Amino acid sequence: MCMAIPMKIVSFTGESDAVAECDGVRREVKLSLLSDEVGLGDYVIIHAGFAISKLNTEEAEETLAIMREVLEAGQP
């Protein structure tokens, strides 16, 4: 199963490359598939190292809260 994760853009490393973060985990990501422009602090959906969609902050934070809740429920 594949999962896409909301992550926040924390820096740019090139014209279409950035570093995104979620819960302290940082990953280099490609922005070349996005039609929307993104800036520092914007949330994007990351799948397989590519940003595939831009999210507003409310949507991203709600999605992350649900994901955390699901993960915690699976803990013994």
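Considering every residue within region 65-74, establish whether at least one is within 14 Å of the chain's Cα centre (by Cα), farther than 15 Å from residue 11 by Cα and open to solvent by less than 30 Å² (accessible area, probe 1.4 Å). No, every residue in region 65-74 fails to be within 14 Å of the chain's Cα centre (by Cα), farther than 15 Å from residue 11 by Cα and open to solvent by less than 30 Å² (accessible area, probe 1.4 Å). Applying the condition of being touching a helix residue (DSSP H, G or I) at 6+ places or on another chain (Cβ under 9 Å) and hydrophobic (A, V, I, L, M, F, W, C) to region 1-43 and asking which residue is surrounded by the most Cβ atoms within 10 Å (Cβ to Cβ) yields 7. For region 45-75, residues that are in contact with an Asp or Glu (Cβ under 7 Å, 6 or more places away or on another chain) and among the hydrophobic types (A, V, I, L, M, F, W, C) total 0. Considering only residues in region 9-38 that are aliphatic (A, V, I, L, M) and outside any loop (DSSP other than H, G, I, E, B), the one that is farthest from residue 52 (Cα to Cα) turns out to be 25.
The values are calculated or read from the model by the stated rules, or taken from the named source; none is laboratory data. Note that the coordinates shown come from a computational prediction; the quantities given were computed from them, not determined experimentally. Note: ideal-geometry Cβ built from the backbone for every residue, glycine included; neighbour counts use all protein chains shown. These area figures cover heavy atoms from the full protein model, side chains too; ligands, DNA and RNA do not enter into them. Shrake-Rupley method; radii C 1.70, N 1.55, O 1.52, S 1.80 Å.
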